[in-house]
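The block underneath contains the structure these notes are about, expressed in structure tokens.
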Amino acid sequence: MAQTNVAKAKKTASASSGKTQWVYRFGAGKAEGRADMRNLLGGKGANLAEMSSLGLPVPPGFTITTEVCTYYYTNGQSYPAGLEQDVEAALATVEETVGARFGDDANPLLVSVRSGARVSMPGMMDTVLNLGLNDSTVEGLARHSGDARFAYDSYRRFIQMFGNVVLGVDHHHFEEILELEKEERGLSLDTELTPEALQKVIAAYKAKVQAETGKPFPQDPKAQLWAAIGAVFGSWQTQRAITYRRLHSIPEDWGTAVNVQAMVFGNMGEDCATGVAFTRNPSNGENAFYGEYLVNAQGEDVVAGIRTPQHLTVAGKKANRSSLPAMEEVMPKLFAELDQVRHKLEAHYRDMQDIEFTVQRGKLYMLQTRSGKRTAAAALKIAVDMVKEGVIDRDEAIRRIDPASLDQLLHPMLDPKAPRKVIARGLPASPGAAGGHAVFTADEAEDRASKGEKVILVRTETSPEDIHGMHAAVGILTTRGGMTSHAAVVARGMGRPCVSGAGDLRIDAHARTMKVRDVLVRDGDLITIDGGTGEVMLGEVPTIQPELSGDFATLMGWADALRKLKVRTNAETPLDARTARRFGAEGIGLCRTEHMFFDGNRIVAMREMILADDEAGRRKALARILPMQRADFVELFQIMKGLPVTIRLLDPPLHEFLPHTDAEMAEVAAAAGIELDTVRHRAAMMKEANPMLGHRGCRLGITFPEIYEMQARAIFEAAAQVKKESGETAEPEIMIPLVALPKELEVLKEMVDRVAAEVAKASGVATTYSVGTMIELPRAALLAGEIAKAAEFFSFGTNDLTQTTYGLSRDDAARFLQAYERKGLLPQDPFVTLDPQGVGELVRIASERGRKTRPNLKLGICGEHGGDPASIRFCAEVGLDYVSCSPYRVPIARLAAAQAALSGATTRDV
Ligand code: PEP
Ligand code: MG
């Protein structure tokens, strides 16, 4: 891996003093690193350095760079020369700053060791706390802190964490020992264990480590440190980390940094605490301090969901109907200090931050800051508010929103009128409502989702091992954990609705059931969750679409002012057309007329038409279809109110319309007045081995001109009718699909022009229209200069163009393309994101050649790529006039087009 990083590391070495800096120190109000060095120091390390330089109270420490990780993997898992001395020297600085020594029996320095990649990455080794404790330093800690219970408890936690994440001993072994000890003494809380009991637990833990690993628990603090560093680097290549990287397109060669930092303790008594917070509400974006804390606890206790966290503010406590006191009440001075840190960090980073802090014996320490994950609704509100507050400008606000995340806002909400049976309530951890079959393991969620089922993943709490199941589920429900629990944070990031901490529910993992009072939910039963209210309901509750106003409308307005690409929609039903208009579509870029043919009674007429054995027979059936098509177009023109409407004449292989069952064949035979056997025979004759490359597209118009003629007539008659009835001017763009030969288009354009003239004469209404083609075949792209002589517009049908350029079947490729992605042969599915080198090159060539012939040639895209942000950027670069996508992607495309404009991608200058 990572040739690039190694090369970079070498460059750093030769450019500076000749020695690569592998370790960066921070603490005591200064730092060697900076926030903009996240590639080298990882996100956590870079921000610890930045907070130190800002003068915030950060426990001192150092960061081992991502380049060491790269070196480690390219050099047979060994470290660069000099690293050991650098770590020693940095550790000495920490000792000096803290006034304690690593491994010192009298007053030992303890450190935490954490991973830290460029982006936060669940699946990586997380944290080892209290490192440096052994059988003798624990005595020193007991004496120095004056609290033997705390010291033994710290050692016990350390053996457990180190044993688990570094030595690979399953954590349930440790939990069993602890539970047994509590049971024997009739205790329910860990904190009730006496120093003697804890010593017994420690002895049992060490024996367990010896039994499981064949070696004693390491007593040398330096050996502990290097083992933990090795474990962090090792965790970069665990299956979980690899899966996460694949799901989030994180390059393998980024590597992780390691952060070693002096421990501060939130569990030394009642004047200690630990917490996590967001500088604004990550769920709705409100400008209110938002977080949770626990008195007398270590950091992991808050996120692990073992104890129910308390709110930071009184407002938060009230909003969540909590009876536990807020930090604002319990530690008012420290809360005020933390609130100041909050303002300082927001002003400095100009963004909402996610922070971690610890209070040790009445003193506040900052352990982390990073840009906070937020829901799409919160992201919008924060961006718009920050523009109003003068913190960022509009361009920055637009840049900050991930277009794909807008999808969350378009998610259904529960129909307020629908009856619902609420069986439990939890925290509203991630918005949106979803119903599906309850499943109790991540594997099962993945399995059933792959079969097309909607599932809700139900867990006591989630861990990074559940990521694949969370991804596959339509919603996540947990019975433990707060708003910052793993489930809540990950679900928000993924845009999945989530209810966390629904404590009344009792899960029986073995039986795969969940119970609340007398209600039993079995594996596979339908349930619904509302991540906006925290409600859990029995059955599947109907949902409705949300209104798009407020901050959404404001940001979209800013985006519209910036973008140069127009955004249209692919729609043929009135419902889709209306939805798309509501989402801001500026016309229809693709109306697939065949969808109108599949409808109810039309399919019989259609089948009758294709199975007729002569033109007269076909015309008879087409005459029945004409009024229905005309009515469809009238409705579309009325909805689109003069906006451009591109109507594609019939495209799919006739093969797709064939009757399959005996009943269907009999129905066609009766309607057409022919023998059943004749229908059977003709249907068999029309079967194609490779219909995608068969009798479809303009080949239908060439061989059965009466089909296209009927459609053209329906379009012009509809336009004339709309003009007469409502005065609205419809300007249809008639699109001929799958052209390979310039002549195909010429012939069909002549036909369209003739029909237009006939309808104009008969109706007295001359409709302004244009005729163009789809560019869906490599030959069409290459001959675009010729084709543009007859075409007034091109619309790139990149679904077929990808299929025909790659020689990949659109219908079947998904089965093996994932393997290509996993093996790194394809960076992404080319049917999702336009392949810029091959398919994109054809788009570029066709655009250039087409515009050379006809400078005002209108160019658009109507393949699925028209709604994909990365592809939209490419379209802007190539100089297309518009993108067209499904209705629900219209807002995504509007924002992506604005971002493309901001990034300097231009339109109209090919
Ligand atoms: C295309 O091929 O990109 C296209 C839009 O047409 P269809 O998906 O209907 O084949
Ligand atoms: Mg196509």
* Filter segment 800-816 for residues that are within 13 Å of ligand 2 (Cβ to nearest atom), out of contact with any Gly (no Cβ under 8 Å at 6 or more places or on another chain) and outside any loop (DSSP other than H, G, I, E, B) and give the result. => Q803, T804
* Asked: Of the residues that sit in segment 805-827 and are of a type in the set (D, E, K, R) and loosely packed, with under 13 Cβ neighbours inside 10 Å, which one is modelled with the lowest pLDDT?
  -> R815
* Structure fact -> Only one of (1) crowded, with 24+ Cβ neighbours inside 10 Å; (2) in a loop (DSSP other than H, G, I, E, B); (3) under 24 Å from the mean Cα position of the chain (by Cα) does not apply to V264, and that is (3)
* Can you find even one residue in segment 652-674 that is part of a loop (DSSP other than H, G, I, E, B), within 16 Å of ligand 2 (Cβ to nearest atom), closer than 30 Å to K749 by Cα and under 41 Å from the mean Cα position of the chain (by Cα)? -> yes
* Report whether or not I610 is hydrophobic (A, V, I, L, M, F, W, C), crowded, with 18+ Cβ neighbours inside 10 Å, modelled with pLDDT of 90 or more and out of contact with any Gly (no Cβ under 8 Å at 6 or more places or on another chain). => no
* To do: Considering only residues that are at pLDDT below 90 and outside any loop (DSSP other than H, G, I, E, B), look in segment 522-549 and name the one that is nearest to A418 (Cα to Cα).
  => T543
* Asked: Which residue out of S430, S405 is closer than 29 Å to S549 by Cα, crowded, with 24+ Cβ neighbours inside 10 Å and in contact (Cβ under 8 Å) with a residue 24 or more places away in the chain?
  -> S430
* Would you check which residues across segment 781-799 are crowded, with 17+ Cβ neighbours inside 10 Å and away from ligand 2 (no atom under 11 Å from the Cβ) and list them? => A781, L783, A784, G785, E786, I787, A788, A790, A791, E792, F793, F794
* Structure fact -> Within segment 436-456, the residues that are assigned to a strand (DSSP E or B) and of a type in the set (A, V, I, L, M) are A438, V439, V455, I456
* To do: For residues that are farther than 20 Å from P737 by Cα, touching an Asp or Glu at 6+ places or on another chain (Cβ under 8 Å) and of a type in the set (A, V, I, L, M), tally how many sit in segment 819-861.
  => 1
* To do: Report whether or not F793 is away from ligand 1 (no atom under 13 Å from the Cβ) and touching a Ser or Thr at 6+ places or on another chain (Cβ under 8 Å).
  => yes
* To do: Name, by its number, the condition in (1) within 30 Å of G61 (Cα to Cα); (2) at pLDDT below 95 that does not hold for L189.
  => (1)
* Would you please name the residue that is farthest from ligand 2 (Cβ to nearest atom), looking only at residues in segment 563-620 that are part of a strand (DSSP E or B) and of a type outside the set (A, V, I, L, M, F, W, C)? => K566
* Asked: From the list A720, A756, A730, which one is at pLDDT 95 or above, in a loop (DSSP other than H, G, I, E, B) and closer than 18 Å to V645 by Cβ?
  -> A730
* under 29 Å from T243 (Cα atoms), in the same structural domain as L693 (by TED's automatic domain parsing), surrounded by fewer than 23 Cβ atoms within 10 Å (Cβ to Cβ) and more than 16 Å from ligand 1 (Cβ to nearest atom): does that describe P836? -> yes
* Asked: Residues of segment 392-430 being hydrophobic (A, V, I, L, M, F, W, C), at pLDDT below 95 and part of a loop (DSSP other than H, G, I, E, B), which ones?
  -> A418
* Asked: Pick from L880, L895: which is more than 16 Å from ligand 2 (Cβ to nearest atom) and in contact with a strand residue (DSSP E or B) (Cβ under 7 Å, 6 or more places away or on another chain)?
  -> L880
* To do: Mind listing whichever residues of segment 583-600 are of a type outside the set (A, V, I, L, M, F, W, C) and in contact (Cβ under 8 Å) with a residue 40 or more places away in the chain?
  => G584, E586, G587, G589, R592, T593, E594
* I702 versus (1) β-branched (V, I, T); (2) in a helix (DSSP H, G or I); (3) within 16 Å of ligand 2 (Cβ to nearest atom): which is the lone unmet condition? -> (3)
* Since I647 meets every condition but one in (1) not in a loop (DSSP other than H, G, I, E, B); (2) not assigned by TED's automatic domain parsing to the domain that holds F637, which condition does it not meet? -> (2)
* **Condition broken by D504, with the remaining ones in (1) touching a residue at least 40 places away in the same chain (Cβ under 8 Å); (2) closer than 28 Å to H171 by Cα; (3) surrounded by 21 or more Cβ atoms within 10 Å (Cβ to Cβ) satisfied** => (3)
* Structure fact -> Counted residues in segment 881-891 being in contact with a helix residue (DSSP H, G or I) (Cβ under 7 Å, 6 or more places away or on another chain) and surrounded by 24 or more Cβ atoms within 10 Å (Cβ to Cβ) come to 6
* Asked: So which residues in segment 212-230 are surrounded by 16 or more Cβ atoms within 10 Å (Cβ to Cβ) and either polar (S, T, N, Q) or not in a helix (DSSP H, G or I) (or both), if there are any at all?
  -> F217, P218, Q224
* Asked: What's the number of the condition A689 fails, among (1) more than 15 Å from ligand 1 (Cβ to nearest atom); (2) assigned to a helix (DSSP H, G or I); (3) at pLDDT below 90?
  -> (2)
* Of these, P778, P830, P855, P836, which one is at pLDDT 95 or above and within 16 Å of ligand 2 (Cβ to nearest atom)? -> P778
* Structure fact -> Taking segment 833-866 and keeping residues touching a strand residue (DSSP E or B) at 6+ places or on another chain (Cβ under 9 Å), under 16 Å from E877 (Cβ atoms) and of a type outside the set (V, I, T) leaves L834, L842, A846, S847, R851, L859, G860, H865, G866
* Which one of these is touching a residue at least 24 places away in the same chain (Cβ under 8 Å) and either assigned by TED's automatic domain parsing to the domain that holds V330 or assigned to a loop (DSSP other than H, G, I, E, B) (or both): A297, A241, A257? -> A297
* To do: Quick one: in segment 560-618, of everything that is more than 24 Å from S549 (Cβ to Cβ) and hydroxyl-bearing (S, T, Y), which residue is farthest from ligand 1 (Cβ to nearest atom)?
  => T573
* To do: Would you list the helices (runs of 4 or more DSSP H) that sit entirely within segment 308-351 and hold 2 or more residues that are under 31 Å from the mean Cα position of the chain (by Cα), loosely packed, with under 14 Cβ neighbours inside 10 Å and of a type outside the set (V, I, T)?
  => 332-349
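The values are calculated or read from the model by the stated rules, or taken from the named source; none is laboratory data. Small disclaimer: the values here were computed from a predicted structure and weren't measured. Cβ: placed from backbone, ideal geometry, glycine included. Neighbour counts: every protein chain shown.
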